[in-house]
Amino acid sequence: MEALIRACACVLEARGFAGTTTNHIAERAGVNIASLYQYFPGKDALVALVADRLVRRILDDLSVGLPAILETPETAMRAWVARMQEALERERTLINVFREEVPYVDQLPAVRGLRKRLVEFSDEARRASPFVHADFNAATLHLAINLTVTTLLELDSLPDELPRATVLDELAVRLEGWVRGPRSSEALLDA
């Protein structure tokens, strides 16, 4: 079963959603098509599981090293943005297939639950962090997550005159301001 899920991810990356068939998946996994249908009713069931594994890998990736990042308040936000960018870059091809090609991506359980899981994950980090200011509430956390995820996913479509490093630095400064309060973002802008 796991071999079929891994095969589906590989075929999605290579052929895209429209070009992926159950025959391609079975061939890649080294099984006959009847074996695939013994476990899965079709391509969509496999795609849903690939999405679930993708979300889990990204969240697991983000959790590694988070306590160390939070120990250094002066660089925490830049390190966190870099960690998120690296996690998404490792999965960029598959993420793009889901974002651009899977017509029902917003209906997949893993995707529907992603924002909630990111809020829970970020809320745990917020409680563990000694430098989060008192007014940093759930609405601000939601906005910060949306801004960060959208910005990182759209890095490939930046205009040529806007370097990635500039956008990532500005993102870190804005997040720092939300997390630590207005004084911290003013200090970062002056630095």
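Ranked from largest to smallest solvent-accessible area, with a 1.4 Å probe on the protein heavy atoms, K116, K43 come out as K116, K43.
Candidates (1) 19.9; (2) 13.4; (3) 12.1; which is the computed mean projected area of the Cα convex hull in nm²? Working out mean projected area of the Cα convex hull in nm² from the coordinates points to (3). Multiplying the residue separation of R56 and E74 by 0.36 nm and subtracting their alpha-carbon distance yields 3.6 nm. The modelled label-to-label distance for the pair N23/F121, using points 7 Å beyond Cα in the direction of Cβ, is 3.8 nm.
Each residue of segment 168-179 was assigned a 3J(HN,Hα) from its phi angle through the Karplus expression (A = 6.51, B = -1.76, C = 1.60, θ = phi - 60°), giving 5, 5, 5, 4, 4, 5, 5, 5, 4, x, 5, 6 Hz with x at Gly and Pro.
Using 0.36 nm per residue, how much length does the chain from A45 to E2 gain when fully extended, once their Cα-Cα distance is taken away? Provide the component values of the computation, followed by the final result.
Numbers: separation 43, 0.36 × 43 = 15.48 nm, distance 1.29 nm.
Gain in length upon complete extension: 14.2 nm.
In the context of the full protein assembly, I69 retains an accessible surface of approximately 20 Å², using a probe radius of 1.4 Å and ignoring ligands and nucleic acids. Taking a ≥ b ≥ c as the square roots of the eigenvalues of the alpha carbon gyration tensor, segment 8-56 is oblate, as a/c is not under 1.5 and a/b does not beat b/c. You can think of it this way: the chain between N96 and T150 has 18.2 nm of extra reach, that is 0.36 nm per residue less the Cα-Cα gap.
The values are calculated or read from the model by the stated rules, or taken from the named source; none is laboratory data. For clarity, every value in this text was computed on a predicted model and none was experimentally measured. When we count neighbours, we look across all protein chains shown, and the Cβ atoms used for this are built from the backbone with ideal geometry, even at glycine. Just so you know, the surface numbers come from the protein's heavy atoms only, side chains and all, with ligands and any DNA or RNA stripped out. Shrake-Rupley method; radii C 1.70, N 1.55, O 1.52, S 1.80 Å.
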